[in-house]
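The values are calculated or read from the model by the stated rules, or taken from the named source; none is laboratory data. Here the structure is a predicted model, which means the values were calculated and not measured. For neighbour counting, all protein chains shown are included, and Cβ atoms are generated from backbone atoms with ideal geometry for every residue, glycine included. When the accessible area is computed, the model is the full protein with side chains, heavy atoms only, and any ligands, DNA or RNA have been set aside. Shrake-Rupley method; radii C 1.70, N 1.55, O 1.52, S 1.80 Å.
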Amino acid sequence: MDIVTLIKTYVRDIPDYPQAGVMFKDITPLLGNCVAFGSVVEALSASFGPVDKVVGIEARGFILAAPVAYETRAGFVPVRKKGKLPGATFAQDYDLEYGSATLEVHQDAFAPGDRVLIVDDLLATGGTARATATLVRKAGAEVAGVAVLMELSFLNGRAKIPDLDVRALLTV
């Protein structure tokens, strides 16, 4: 089964979650199937050349980014919601399709010049990816690109991150 068919088979839509009007993309069936999950990790890992670190964005990005980091033999760096990291952090506010929030990363998460791959489950409005790229750059590293499981093209998220190389396994 090709990767697009696999994702379409194992990701289900949950209407009106977390609020009315939002069509939530539930990846838990995909994660629960070892073949599907492994195929997605391999595809995301092959998206870009060698990288030094892989960033996972809280929360579903962690699930995908950690095995991508292992697969690419890179370090894993969590980007978390405000107040969740214990050390000194850089913070960045952002908007998402149903609200706003703040992301943080440890100030010492990257070495100067590190090539960093940002991994997340979904590219929607682009606000989360843009905020994460800003954090990576604040910490002195270079964004190699953004790899996502799915892109919701109707939300035009790429428009907020025209300077980033974005690769989605599935665009809807």
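Roughly what % of Cα-Cα distances in the chain sit above 19 Å, to the whole percent?
I get 53 percent for the Cα pairs in the chain exceeding 19 Å.
I'd like the Karplus ³J(HN,Hα) series for the range 118-133: coefficients 6.51, -1.76, 1.60, θ = phi - 60°, whole numbers in Hz, and an x wherever there's a Gly or Pro.
Running phi through 6.51 cos²θ - 1.76 cosθ + 1.60 with θ = phi - 60° gives 8, 10, 8, 6, 8, 10, 10, 7, x, x, 5, 5, 5, 4, 5, 4 Hz.
Counting alpha carbon pairs within less than 8 Å and at least 6 residues apart, what relative contact order, in whole percent, applies to the chain?
Rounded, it is 18 percent for the chain.
Give Lys25/Lys81; Lys53/Lys81; Lys8/Lys138 a once-over and call out the pairs whose C-alpha atoms are over 26 Å from each other. Provide the component values of the computation, followed by the final result.
Working: Lys25/Lys81 20 Å; Lys53/Lys81 19 Å; Lys8/Lys138 36 Å.
From Lys25/Lys81; Lys53/Lys81; Lys8/Lys138, over 26 Å: Lys8/Lys138.
Grab the Cα-Cα distance for Asp13 and Thr28, subtract it from 0.36 nm times how many residues apart they are, and report the gain in nm with one decimal.
Once the chain is fully extended between Asp13 and Thr28, it gains 4.3 nm.
Got a number for carbon plus sulfur as a percent of the chain's accessible area, 1.4 Å probe? Numbers along the way, then the final one.
On the way: 4200 of 8040 Å².
Solvent-exposed carbon and sulfur of the chain make up 52 percent of the total.
Can you work out the accessible area per residue across the range 65-172, with the rest of the protein chains kept in place, probe 1.4 Å, in square angstrom?
Accessible area per residue, the range 65-172: 44 Å².
What number, in nm² with one decimal, is the all-direction average of the projected area of the convex hull of the alpha-carbon atoms of the range 98-137?
3.2 nm²
Taking the Cβ of Val54 as the centre, find all other residues whose Cβ is under 13 Å away and add up their charges (Lys, Arg: +1; Asp, Glu: -1).
-1
Identify which of Ala88, Ala20, Ala141 has the largest mean-square fluctuation in a Gaussian network model of the chain, with springs joining Cα atoms closer than 10 Å.
Looking only at Ala88, Ala20, Ala141, the biggest GNM fluctuation is shown by Ala20.
Keeping all protein chains in place and using 1.4 angstrom, which order do Arg80, Arg158, Arg12 fall into by accessible surface area, from largest down? Provide the component values of the computation, followed by the final result.
Values: Arg80 60, Arg158 100, Arg12 120 Å².
Correct descending sequence by accessible area is Arg12, Arg158, Arg80.
Counting only helical runs of four or more DSSP H residues, what would the 222 nm mean residue ellipticity of the chain come to if each run contributes -39,500 (n - 2.57) and the total is spread over all its residues?
Value at 222 nm, helices only: -8500 deg cm²/dmol.
What is the calculated FRET efficiency for Val4 to Lys84, with r their C-beta to C-beta distance and R₀ = 35 Å, to the nearest 0.05? Mind showing how you got there, number by number?
Numbers: r = 34 Å, r/R0 = 0.96.
The calculated FRET efficiency here is 0.55.
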